[in-house]
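These notes are about the structure you will find just below.
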Amino acid sequence: MNSPTDGRHLPTGPDSPAGLTVRPIRIEDAVDLRDHLFPHRPVLDVVASVQSGLDRGATGRELRLVATLGGHVVGHVLLAFHTRSSERAHRASLDDLAVGGPWQRRGVGRALVEGASAAARQRQARLLTVSVRGGTPAEAFFRACRFNEYGRLRGGLDDPWGGPSHDEVMMVRNL
Ligand SMILES: CC(C)(COP(=O)(O)OP(=O)(O)OC[C@H]1O[C@@H](n2cnc3c(N)ncnc32)[C@H](O)[C@@H]1OP(=O)(O)O)[C@@H](O)C(=O)NCCC(=O)NCCS
């Protein structure tokens, strides 16, 4: 089987939108990422962040994936691996999942999760974990993607903008 980092597209599941692809990130994706997902960040900041992700990817510690529609990046997710612990080598985790506002509720997020799951399986991972803010749309989204709660830290996540704290909900999906 090909490595997920060789530039090929990853499987996105039977219900993904027509024309959608999920593939490893490239440096030239930075402009679309800034325009569609991080409009408040300077483009050079996004370029630097993509480059450091590619550098960490080269060590095998992480894999950043993007979803594209019509040739443009509309979503992003980070898949991280435990490279320093043989006891945890069968686990991978998701972070930084985001879909641009105009493309939400069209199956892009689900396709990113399916692509990340396929990439994790290629690395022999059997458990895929994520941590989310309890009671938010993200929790409903991961439940819809067949993640189950395995732990909850009550009041574990403060709101950096001064709003109420949320539970941190730890979720897992068997791969
Ligand atoms: C959470 C997020 C990634 C979902 O991406 P998406 O492309 O809109 O999700 P999908 O269209 O693939 O949704 C799949 C299913 O998840 C559930 N879901 C998605 N968004 C939901 C919402 N806002 N409220 C409730 N359920 C939701 C639904 O069951 C949906 O299926 P349906 O549309 O057939 O009902 C996206 O809303 C987003 O980027 N939000 C802001 C950033 C964020 O919260 N990231 C998660 C950090 S942990």
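The values are calculated or read from the model by the stated rules, or taken from the named source; none is laboratory data. Note that the structure is predicted; figures quoted are calculated from it, not measured. Ideal geometry is used to build each Cβ from the backbone, glycine not excepted, and the neighbour counts take in all protein chains shown.
The table below lists the values:
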quantity	calculated
Failed criterion for Phe141 (all others in (1) of a type outside the set (Val, Ile, Thr); (2) more than 11 Å from the ligand (Cβ to nearest atom); (3) outside any strand (DSSP E or B) hold)	(2)
Which numbered condition Val77 fails, given (1) away from the ligand (no atom under 14 Å from the Cβ); (2) crowded, with 19+ Cβ neighbours inside 10 Å	(1)
Contacts under 7 angstrom Cβ, first residue in segment 40-68 being free of Cβ contacts under 8 Å to residues at least 12 places away in the same chain, partner surrounded by 18 or more Cβ atoms within 10 Å (Cβ to Cβ), 6 or more apart	Arg41/Arg34; Arg56/Glu62
Residues within segment 97-117 that are buried (at least 21 other Cβ atoms within 10 Å of the Cβ) and more than 6 Å from the ligand (Cβ to nearest atom), tallied	7
Of all residues in segment 54-63 being under 18 Å from Glu28 (Cβ atoms) and surrounded by fewer than 24 Cβ atoms within 10 Å (Cβ to Cβ), the one that is farthest from the ligand (Cβ to nearest atom)	Ala58
Segment 83-95 residues that are assigned by TED's automatic domain parsing to the domain that holds Gly115, paired with ones that are among the aromatic types (Phe, Trp, Tyr) (beta carbon under 6 Å, 6 or more apart)	Ala92/Phe81
Answer residue from segment 118-138, given it is aliphatic (A, V, I, L, M) and either more than 7 Å from the ligand (Cβ to nearest atom) or not assigned by TED's automatic domain parsing to the domain that holds Gly155 (or both) and is surrounded by the fewest Cβ atoms within 10 Å (Cβ to Cβ) among those	Leu127
